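Notes for the one structure printed next.
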Amino acid sequence: MGLLELRGTEAGLSAVLFQEENEGAVTPVGAVPECLREAVRQLQAYFGGELRTFDLAYDLRQGTDFQRRVWAALPGIGYGRTASYLDLARQLGDPKAVRAVGAANGQNPLAIVWPCHRVIGTSGQLTGYAGGLARKKWLLAFENPPAQGELF
């Protein structure tokens, strides 16, 4: 998976971003807010197979109303499950908004925590992921390991 960069304030988590190995670790400036410590605990539990749903405080100031609606729908896609961009567009009441849902999904500031990796193409294909398709495939297999001999 590589390194994750967490950003936040005392009010809550504002970003979970993938970092490339050669970018190096980011050193916190000042005291580390408790919300970031909690995010680290929950991410460690998730990757340890002990957590399926995140329960964190958020401090988001970015995104349009539509993007925020899409992002708010992402945690509703259960662990080990997937939904299509069309499914999300329908859930939001506009089945013609598939591309807009995809664009909003690509701007999700909270990778993994708001599981945009669980959104796939209508025919089941893996499409687009800000962290790269290899990470998306890994996360989906981690949450729902394929049967022996089964591939994506």
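Of note:
- Residue selected from the stretch 86-145 under the condition small (Gly, Ala, Ser) and outside any loop (DSSP other than H, G, I, E, B), by the criterion most open to solvent (accessible area, probe 1.4 Å): 134
- Within the stretch 53-79, the only residue that satisfies the criterion of being over 30 Å from residue 99 (Cβ atoms) and open to solvent by 90 Å² or more (accessible area, probe 1.4 Å) is 55.
- Qualifying residue in the stretch 16-29 (condition: assigned to a loop (DSSP other than H, G, I, E, B), within 13 Å of the chain's Cα centre (by Cα) and closer than 14 Å to residue 115 by Cβ): no
- With respect to the stated conditions, residue 95 is out of contact with any Lys or Arg (no Cβ under 7 Å at 6 or more places or on another chain) and modelled with pLDDT under 95.
Each row is one residue, and each column tells you yes or no for (1) within 20 Å of residue 14 (Cα to Cα); (2) in contact with a strand residue (DSSP E or B) (Cβ under 6 Å, 6 or more places away or on another chain); (3) not hydroxyl-bearing (Ser, Thr, Tyr).
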| residue | (1), (2), (3) |
| --- | --- |
| 36 | yes, yes, yes |
| 82 | no, yes, no |
| 94 | no, no, yes |
| 108 | yes, no, yes |
| 115 | yes, no, yes |
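The values are calculated or read from the model by the stated rules, or taken from the named source; none is laboratory data. These numbers were taken from a predicted model, which means no experiment stands behind them. As a convention, Cβ positions derive from the backbone with ideal geometry for all residues, glycine included, and neighbour counts pool all protein chains shown. Surface areas here come from the heavy atoms of the whole protein model, side chains and all, with no ligands, DNA or RNA. Shrake-Rupley method; radii C 1.70, N 1.55, O 1.52, S 1.80 Å.
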